[in-house]
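Here is the structure we will look at, set down as structure tokens.
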Amino acid sequence: GLGNVWLVLIKATALMSVVQLPELMRMTDIAARAVRMPFTFYFGASIIYLLITMLSLQVLHRAEAWANRGIRRA
């Protein structure tokens, strides 16, 4: 449950969309215009965003495993 809420926070909420994604896209746009290689820079930005999501998933998975220690599953 907590993991799903965190991923929604990363991907869709105003907090992350105001702070993280526009800043990443603005810096990507500046770099892409400077060297005229937009695909390379936008691809790199998408990889960074994907890595942030994957890292969050790993941390949440470990936190969930720690929270569920000692609980037997059926």
| message | Just to verify a number: FRET efficiency for TRP6 and ARG26, C-beta to C-beta distance, R0 = 35 Å, to 0.05? | response | 0.90
| Average accessible surface area per residue within the chain, 1.4 Å rolling probe, Å² | 82 Å²
| Accessible carbon and sulfur surface of the chain relative to its total accessible area, %, 1.4 Å | 71 percent
| note | Summing -39500 (n - 2.57) over every DSSP H run of at least 4 in the chain, dividing by its residue total and rounding to the nearest 500, the 222 nm mean residue ellipticity is -27500 deg cm²/dmol
| task | Set the Förster distance to 30 Å, then compute FRET efficiency between PHE43 and ASN68 from the Cβ-Cβ distance, nearest 0.05. | result | 0.20
| field | Relative intensity, log₁₀ I(q)/I(0), of the chain from a Debye sum that treats every alpha carbon as a point, q = 0.15, 0.16, 0.20 Å⁻¹ | value | -0.63, -0.68, -0.88
| request: Extending each Cα 7 Å along its Cβ direction at LEU57 and ARG33, get the distance between those two points in nm, one decimal. | output: 3.4 nm
| field | Rounded, prolate or oblate (a/c below 1.5 giving rounded, otherwise prolate when a/b exceeds b/c) for the range 33-74 by Cα gyration tensor | value | prolate
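The values are calculated or read from the model by the stated rules, or taken from the named source; none is laboratory data. None of the values given here were measured: they were computed from a predicted structure. Using ideal geometry, Cβ is built from the backbone for each residue, glycine included, and neighbour counts are taken over all protein chains shown. SASA here: full protein model, heavy atoms, side chains in, ligands and nucleic acids out. Shrake-Rupley method; radii C 1.70, N 1.55, O 1.52, S 1.80 Å.
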